[in-house]
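The values are calculated or read from the model by the stated rules, or taken from the named source; none is laboratory data. Bear in mind that the values here come from a model prediction, so they are computed numbers and not experimental data. Neighbour counts run over all protein chains shown; Cβ positions are idealised from the backbone, glycine included.
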Amino acid sequence: MKHFKTLALAGAVAAMGVGPVLAQEIYAPNLSYRTGPFAATGIPLMNGQKDYIEMLNARDGGIGGVAINFDECETGYSTEKGVECYERTKERAVVTQPWSTGITLQVLPKTNVDQIPILAPGYGFSPMSDGKTFQWAFNPPASYWDGMSMILQEISGGDLSSLAGKKIAHLHLDHPYGKEPLPLLEAMGEAHGFEVLPIPVGISEMQNQSAQWLQIRRERPDYVIMWGWGAMNAGAITEAVKTRYPMDQFIGVWWSGHSDDLQLVGEDGKGYRAISWSLPNPDAPVMADIRTHVFDKGKSLAGEEELNEVFYGRGVIISAILAEGIRVAQEMHGTGEISAAHLRDGLANLNFSAERIDELGLTGMMAPFSTNCADHTGHSGGWMIEWDGSAFVQASDLLSADRAAIEPLEAEKAAEYAAANAPWPMNEACEAM
């Protein structure tokens, strides 16, 4: 099948001394970024992803007896390079993992033609949750609009009307990623009477945000919500400390909750929070298995400290989501040799129940969620994590997004996208879901 790299050699050829017979493998490339201005945040995530797959290959012989080829194609977070990586890998791939909202938006229309599922855990275009419209795209376990909704609920004490008359700054990377939550934030501002102040940060300004923080000092917002990434996070946190902005009024999305960024300011960053759909748990059984089969054998690129941090653990969960999609697809179709279309079915039938999370050894690291034909996200909810001066700690019970407020906007934007890209194929089988 074209989605597999078949390396088996005929017995007669092997007998001639060409080499050993090798098994088939599932080709699941990752469009990684270990270089460039976002490498500091990309590296621990990629390490966690890679190590989980390495562990499965070493411990279990892969998934369903088939090894996983987790090839990395380096993009440096460049949209242009990301599209090149997609084109280079798509012929054999059962999945594409774009690792950038910009790259995701570029490859999204291609997937209907190429019939390769996008797996974008916790990122990408939020309306991809609509499985009827985006039948090849998946963004479990929570979307950016889910994240923004949870942040607003946290700062409002669960009553968004309490934000009436307040001013909320949206400090964001001037990139599709940073702009993604604005439609929901602005709609909520209009509905509940608070002012939204968008403050973009260009890639060239990430390490020198004096202009943005001068505006924050002048405007005096009640809250700053950060959609930052890479060097932007460290730059913003450093400026917030310098300008003495109250840290308990400064909240980030899950990509702005990286330990290394806060370690730069230490105790001065105490009180900063981020929403997170994952929690680090060094004592989880899966971490022990990774240590035994990968880390202790010198097969990991991660450092000792990294294994205990938020982003490494999140990378582990992301690969666990992919692996579970592969396993479900194998069971549904009765074969280890799954195709991209098979994997789409697997990703649309995930069931991370509390029992399954424990079975996978991910106890305490993620919240339950499930997907179906119509819902490609699952909306697991998330926790606030707070910097205590030396590490991130859990600072809330599990929060849930206000899906009643989000779903109409998702439907509206999905319909707009389909109309703008007509003819756009719809999955009518999802009508009844």
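Here are the numbers for the structure shown:
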| read-out | value |
| --- | --- |
| So residue 53, is it modelled with pLDDT of 95 or more, assigned by TED's automatic domain parsing to the domain that holds residue 339, β-branched (Val, Ile, Thr) and farther than 19 Å from residue 121 by Cα | no |
| Residue check for residue 169: outside any helix (DSSP H, G or I), over 22 Å from residue 410 (Cα atoms), of a type in the set (A, V, I, L, M) and not assigned by TED's automatic domain parsing to the domain that holds residue 118 | yes |
| Which numbered condition residue 381 misses (of (1) surrounded by 17 or more Cβ atoms within 10 Å (Cβ to Cβ); (2) closer than 27 Å to residue 27 by Cα) | (2) |
| Residue identified as buried (at least 24 other Cβ atoms within 10 Å of the Cβ) and either out of contact with any Pro (no Cβ under 8 Å at 6 or more places or on another chain) or of a type in the set (D, E, K, R) (or both) among 142, 120 | 142 |
| Some residue of the range 164-186 being within 13 Å of the chain's Cα centre (by Cα) and farther than 30 Å from residue 217 by Cβ | no |
| Selected residue [part of a helix (DSSP H, G or I) and more than 30 Å from residue 289 (Cβ to Cβ)] from 82, 36, 42 | 82 |
| Scan of the range 238-275 for residues that are of a type in the set (Lys, Arg) and surrounded by fewer than 21 Cβ atoms within 10 Å (Cβ to Cβ), ordered by number | 242, 244, 270 |
| Of all residues in the range 216-237 being in a helix (DSSP H, G or I) and closer than 25 Å to residue 313 by Cα, the one that is modelled with the lowest pLDDT | 231 |
| Residues within the range 346-371 that are in contact with a strand residue (DSSP E or B) (Cβ under 7 Å, 6 or more places away or on another chain), buried (at least 16 other Cβ atoms within 10 Å of the Cβ) and either not assigned by TED's automatic domain parsing to the domain that holds residue 120 or not in a loop (DSSP other than H, G, I, E, B) (or both), tallied | 6 |
| Hits in the range 297-345 - residues which are in contact (Cβ under 8 Å) with a residue 60 or more places away in the chain, among the β-branched types (Val, Ile, Thr) and in a helix (DSSP H, G or I) | 310, 316, 317, 318, 321, 326 |
| Selected residue (only one of 196, 201 is over 30 Å from residue 348 (Cα atoms) and buried (at least 24 other Cβ atoms within 10 Å of the Cβ)) | 201 |
| Yes/no for residue 429 being surrounded by fewer than 18 Cβ atoms within 10 Å (Cβ to Cβ), outside any helix (DSSP H, G or I) and at pLDDT below 95 | no |
| Residue under evaluation residue 59, criteria (1) modelled with pLDDT under 95; (2) in a helix (DSSP H, G or I); (3) surrounded by fewer than 18 Cβ atoms within 10 Å (Cβ to Cβ), criterion not met | (1) |
| Contacts under 8 angstrom Cβ, first residue in the range 381-403 being free of Cβ contacts under 8 Å to residues at least 60 places away in the same chain and within 12 Å of residue 279 (Cα to Cα), partner assigned to a loop (DSSP other than H, G, I, E, B) and among the hydrophobic types (A, V, I, L, M, F, W, C), 6 or more apart | 398/367 |
| Residue in the range 145-190 that is surrounded by the most Cβ atoms within 10 Å (Cβ to Cβ), counting only those that are charged (D, E, K, R) and farther than 16 Å from residue 249 by Cα | 146 |
| Residue in the range 126-133 that is outside the structural domain of residue 87 (by TED's automatic domain parsing), in contact with an Asp or Glu (Cβ under 8 Å, 6 or more places away or on another chain), surrounded by fewer than 24 Cβ atoms within 10 Å (Cβ to Cβ) and not in a strand (DSSP E or B) present | no |
| Among the residues listed as 422, 415, the single one being in a loop (DSSP other than H, G, I, E, B) and either in contact with a Pro (Cβ under 7 Å, 6 or more places away or on another chain) or closer than 27 Å to residue 108 by Cβ (or both) | 422 |
| Breaking point among (1) in a loop (DSSP other than H, G, I, E, B); (2) touching a helix residue (DSSP H, G or I) at 6+ places or on another chain (Cβ under 7 Å); (3) not polar (S, T, N, Q), for residue 283 | (2) |
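So that you can scan it fast, the table gives a plain yes or no per residue for (1) among the acidic types (Asp, Glu); (2) more than 23 Å from residue 307 (Cα to Cα):
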position: 360; (1), (2): no, no
position: 365; (1), (2): no, no
position: 369; (1), (2): no, yes
position: 372; (1), (2): no, yes
position: 383; (1), (2): no, no
position: 390; (1), (2): no, no
position: 393; (1), (2): no, no
position: 397; (1), (2): yes, yes
position: 405; (1), (2): no, yes
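Residues checked against (1) without any contact (Cβ under 8 Å) to a residue 40 or more places away in the chain; (2) touching a Gly at 6+ places or on another chain (Cβ under 9 Å):
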| residue | (1), (2) |
| --- | --- |
| 199 | yes, no |
| 202 | yes, no |
| 208 | yes, yes |
| 211 | yes, no |
| 228 | no, yes |
| 231 | no, no |
| 240 | yes, yes |
